[in-house]
Amino acid sequence: MPFTYNIDYSANHVGNESYIKMIADAPPALLHVGHDVPFKSMYGPADQLDCWSRRMLSPQEARDRIGVLREYVSQLHNAGARLVIPYVCSMFIFGDVKKRTGFWEFYDNWEKYQEFGFGSKPKRDPITWCYGKPRPLNVKEFDAGYVYEPCMNDPDWRRFLRTTIAHIAKVGYDGVFSDVNATRCPKACCRRLFSNYLEARYTRKQIRELFGFKSPKDVRMGREGEGLLWVETVRFRGERAASLFAELRNEGRKFRDTFFVLPNLSPFQHVDGVWRRVGCSHVFASWARECPVIMYEEMHQPGLLAEGVVSNFIFQFKYAFAHTARAGTLLYHAQDPSGVHIGIAEAAAGGGGCLIQGHYPSPEVRRKFRAHFSRHPELFADMLPYSFVGLVFFYEQLAWGTRSHLENAFRIAEELTAKHVLFDLIVERNLRLDDLRRYRAIVACDLENLSDAQANDLLEYVKQGGTLVAIGQLGKSDDRGTERPKPILEQIPAESWSEVYPGVGQADYGKGKCIKSDDLGQILSPAPFELFMYTEDEVNDINKVFELIGKSRMQPRRDRTRKLVDQVRKAAGEVAISDCEETLRFNAYTRTQGDAISLMLHAVNYNLPIRARGQSGPVVPATHIPVKLPLPNGWRAGSIRICSPPDEGMVELPFKQRAAVLSFEIPKVDIYSLVEVTAKSGT
Ligand SMILES: [Zn+2]
């Protein structure tokens, strides 16, 4: 289910009646506040409700604070926020080890706070929990000094964090937000765990042969470019962060049995931001096992940055869905009514999850959407994606060093969305024959590392009638980095191949087809402006983005190659559902109950000009949109209705069904419309 979500770290909420009233006016389903916590993760007992400390609280003051916060959280619940969570950071300590201020003042007085469950004073000074060089905070008026980074695997640090979480649960919070979650600790705390991790996955002999470690004491973590050692390091750090989230959640569940941890995974709208965080523990696949919702911290709102340049976050939602989790997109620029509207609509179209809205502008939009979601779960709940194409994206391929795998996954995803191809992302966990069979075509680009089982399943999928589009290297090496003696596609006899375009070959294999090209450019060349190819700093600055778009317009126009979708269509049958404008974008889901089927087609109109930070519109409506939707074999449509959430009211649409193809016209989409097809299977 999609839901509404607001985030605000202001320090003036507690005991503030007008704040509670403002929340009650348009309460989000999930309210995320800042440092309104009994003990701050950066300091322990600290005064006031911002992220700093001016002085340490006495035990009596800490007791009073707990009472005040319990009342406050209960007020927020009564105001209508279904879930309320505060902030912790999994990896920062503030203070000065030499002056014994900040966290060290608490450490030196640890025993005085025994009653709060912090246990015995850790024997090792907190400086030994940390790695790397402390950075000056430059906030003189506060008791800050430096920021130190404790290792999230340090047992004393974890014990301290667990106690802060226990207090958060005890005052009534429903969960907690965990920030930053990035560690590259090379110290013994991690080396020992890494050695255990390797031993659980490999025999001693394999550890010697694959990594060159003669004994456990030789084990060290990998660095970028070190092949399997780096891949295992990336996995290990992801698993360790997940284990921390599980530990914190379980601590919270001692006091609230549905307590959850919602972690920040940083941005995913640009290759730079993803690439620079590889190896810092941001592994969605690991986190998703412990956390139902994961935050992406982004900047822009969805909409149209310039002609042909759509800002959207559908990749993030699909990536989350592929791991059976949901994404929350923190979009700082989604502020005005149309920006909030399209942000929430995109989350609903992405299969659930949420727009994480900074502060509370445009309350009427949030209020209406929340009411709509709660009145109409039948439109959103328990749905599975309905898609014709699977696009493979393996995060681990980045650990193998293949940056182009991500660049091209973004490029292909944008093309499929723009051309109205319903598609899902295929990630490591679901590249299996049973999952592949759901798709008419599978597209993989620069997927250099595949296990034997994955390679076999891809070929078997083709044999059984699927279409595989393989661009660049496919399974050149196995999942341990060993180069295969012979490329996977050489199993298809050489004489089967014929050239369909220069540089693009196609072959029949079994009942299916394979399309291959050494270079994506032969079949899909880059768009004149691709936001995801710029640096994190550039993308984050909207004026810079407009400037870069302007510059790209000064370049001579080159013809673009966009044959990918046509080629897939020729080989696999129709995969696109409309030929309408590229700014209108579709996602579809189904739910089956007995022989009754609901198919929900979400249409989001990105023709919403983005004018500045927090300013967009007016939307340019899409009208008279022709849709030809292939239904699964044997389905017979009974009715089609359309609504435009959050507005109420369903309208019947006329339709025709010829064989399996359902044809209808959507009269108009402003920002968001939802088409419900009711069908029966069987006759
Ligand atoms: Zn460590």
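Taking a Cβ cut-off of under 13 Å around Glu483, the surrounding Lys, Arg, Asp and Glu residues balance to a net charge of +1, with basic ones at +1 and acidic ones at -1.
If both residues of a DSSP beta bridge must be in segment 249-394, then about 25% of such bridges are antiparallel.
Any idea what the relative contact order of the chain is, in percent, if you count C-alpha pairs under 8 Å spaced at least 6 apart?
11
Between Trp275 and Asp434, the contour length at 0.36 nm per residue exceeds the Cα-Cα span by 54.2 nm. Using only Cα atoms, find the angle between the long axis of helix 337-349 and the longest principal axis of the chain, and express it within 0 to 90 degrees, rounded to the nearest 10. The angle comes out at about 70 degrees.
Considering only Ala455, Thr402, Phe423, the residue lying farthest towards the positive end of the dipole of the chain is Ala455, judged by Cα position with unit charges set on Cβ. Over segment 12-106, calculate the relative contact order: mean separation of alpha carbon pairs under 8 Å at least 6 apart, over the residue count, as a percent. Contact order relative to length: 38 percent.
Along its principal axes, segment 9-94 has C-alpha extents of 35, 27, 16 angstrom, given from the largest down. For the chain, the dipole from Cβ point charges (+1 on Lys and Arg, -1 on Asp and Glu) about the Cα centre works out to 1280 debye, to the nearest 20. Considering only Trp104, Thr678, Tyr19, and ranking their Cα positions along the charge dipole of the chain that arises from unit charges at the beta-carbon of Lys, Arg, Asp and Glu, the one farthest toward the positive end is Trp104. Our estimate of slack between Lys99 and Asp218, defined as 0.36 nm per intervening residue step minus the Cα-Cα distance, is 39.1 nm. Over the chain, DSSP H runs of length four or greater, each weighted -39,500 (n - 2.57), average out per residue to a 222 nm ellipticity of -9000 deg cm²/dmol. Checking the cross-link pairs Lys513/Lys628; Lys544/Lys570; Lys318/Lys476; Lys133/Lys205 against a 31 Å limit on the alpha carbon distance flags Lys544/Lys570; Lys133/Lys205 as lying beyond it.
In this structure, the amide hydrogen of Ser311, modeled 1.01 Å from its nitrogen in the peptide plane, lies closer than 5 angstrom to those of Gly303, Leu304, Leu305, counting only residues at least 5 positions away or on a different chain. Of the GluC sites (Glu not before Pro) in segment 106-210, the ones in a loop by DSSP (not H, G, I, E or B) with at most 16 other beta carbons within 10 Å are Glu141.
Give me the angle, in degrees from 0 to 90, between the Cα long axis of helix 59-78 and the longest principal axis of the Cα atoms of the chain, rounded to the nearest 10. It works out to around 30 degrees. Say a paramagnetic label sat at a point 7 Å from the Cα of Met650, along Cα to Cβ; which residues of segment 369-405 have their backbone N under 12 Å from it? Backbone N within reach: 376-380. Select from segment 560-659 those trypsin sites (Lys or Arg not before Pro) which occupy a DSSP coil region and have at most 14 other Cβ atoms within 10 Å, ordered by residue number. Filter output for segment 560-659: Arg560.
Compared with the dominant principal axis of the Cα atoms in the chain, helix 155-170 is inclined by about 90°. Could you give me D for the chain, from Stokes-Einstein at 10 °C and 1.306 mPa s, where the hydrodynamic radius is the Kirkwood radius over C-alpha pairs? Units µm² s⁻¹, please. Answer, rounded: 59 µm²/s. Among the trypsin sites (Lys or Arg not before Pro) in segment 211-250, those placed in a DSSP loop whose Cβ has at most 11 other Cβ atoms within 10 Å are Lys214.
Read-outs throughout are calculated quantities, based only on the coordinates presented, and are distinct from any laboratory measurement. The shown structure was predicted, so the numbers you read here are calculated from the model rather than taken from an experiment. Because the Cβ atoms are built from the backbone with ideal geometry, glycine has one as well, and the counts that use them run over all protein chains shown.
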